[in-house]
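Visitor: I have a structure here, written as C-alpha cells, and I will follow up with some questions on it.
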Ligand code: PEP
C-alpha cells in the first residue's frame, strides 16, 4: 500500500497571500512520513505547485472536466491540472454532486480523464443525514462505490474518500464505530471487485477532521488518512493533522 495521505481541499478559499501557508507547512514538516496534498482553487494551483516544488507537499485539483480540451467555458481538464504541476484530482466531492448535479456516471468519466493525464483520482462517496437516519448508509456508499469507480482502478491510480455529507463543515463527526463500519465495508467491496488492487487502495475519512480528533480517527482500522476542508487552510491546523497521521 502507498504511504498514508493527508489531503487538503481548500474549496473556494484562498488568494495569493494564502501561499504563505504552504511555506509554513513545508518548514514545519520538511520530511513527513505520510504523503501531503493540497488542492487549492484552480487560480492558485500553478503558483502553489511552484512554491511547493522541492518540498514534500503535492498539489492537486478539486475537480476536472471529462474531456481533454474543447468548448467548455469555465472548466479545466485533468491535463491542465497536470500541466500546472498537480498530482491528484478530487472527483465526486459531495459539493460537486449537490451543487452541479454530478452523477456517478460523470464521476467515472472524470476519474478516467484523471488517469488519462497520469494523475491520481481521489473519488469521494458519502451519505446524507437523511440517508443515515433511514439506515441506508452502507447501501448508499456501496452504490456510489459501484457507480463512481471505473473498472481497472488500482492503488496507484485511485484513492477513495469516505465523507458523510452531514459531517462536512459542520463540526459533527460519526462515532469511531460508525467510521469503522463504513471503512471496513468499503475495504471489503474494493477487495471483492479489484482483488489485491482493492486491498492496496487508500481509504480516507473526511468530515470535520481537526488536530483535536485526528488521532482517534486515524486509529480506526482501514482509515488511511484524511480529506480535510476547513482545517487544511491554516498550516498550524493541517500540520497537527499531519503529525497525527505520522503517529498512527
Ligand atoms: C471536505 O470538504 O472534503 C471536508 C471534509 O470539509 P471539512 O473538513 O471542512 O469538514
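Visitor: With the contact rule set at Cα under 8 Å and sequence spacing of 6 or more, what percent relative contact order holds for the chain?
Guide: Values: 520 pairs, mean separation 53.0, N = 248.
Contact order relative to length: 21 percent.
Visitor: Another one. Any idea how far apart residue 151 and residue 191 come out in nm if each label point goes 7 Å out from Cα toward Cβ?
Guide: 2.4 nm
Visitor: Under a point spin-label approximation (7 Å from Cα along Cα-to-Cβ), what is the residue 16-residue 50 distance to one decimal in nm?
Guide: Result: 1.0 nm between the two label points.
Visitor: What is the ratio of the Cα radius of gyration of segment 5-247 to 2.2 N^0.38 Å, where N is its residue count, to two decimals? Working shown, then result.
Guide: Working: Rg = 16.6 Å, N = 243, 2.2 N^0.38 = 17.7 Å.
Rounded to two decimals, the normalised Rg is 0.94.
Visitor: What is the calculated FRET efficiency for residue 177 to residue 73, with r their C-beta to C-beta distance and R₀ = 30 Å, to the nearest 0.05? Show your work: numbers first, answer last.
Guide: Details: r = 46 Å, r/R0 = 1.54.
Calculated value: 0.05.
Visitor: Per residue of the chain, what 222 nm ellipticity follows from adding -39500 (n - 2.57) for every DSSP H run with n ≥ 4, rounded to the nearest 500? Each step should come with its number before you reach the end.
Guide: On the way: 11 runs with 108 residues, N = 248.
About -12500 deg cm²/dmol.
Visitor: Given the C-alpha centroids of segment 110-148 and segment 153-174, what is the distance between them in whole angstrom?
Guide: When both Cα centres are located, 8 Å separates them.
Read-outs throughout are calculated quantities, based only on the coordinates presented, and are distinct from any laboratory measurement. Owing to the predicted nature of the structure, the values given are computational and were not obtained by experimental measurement. No Cβ is skipped: glycine too gets one built from the backbone with ideal geometry, and neighbour counts run over all protein chains shown.
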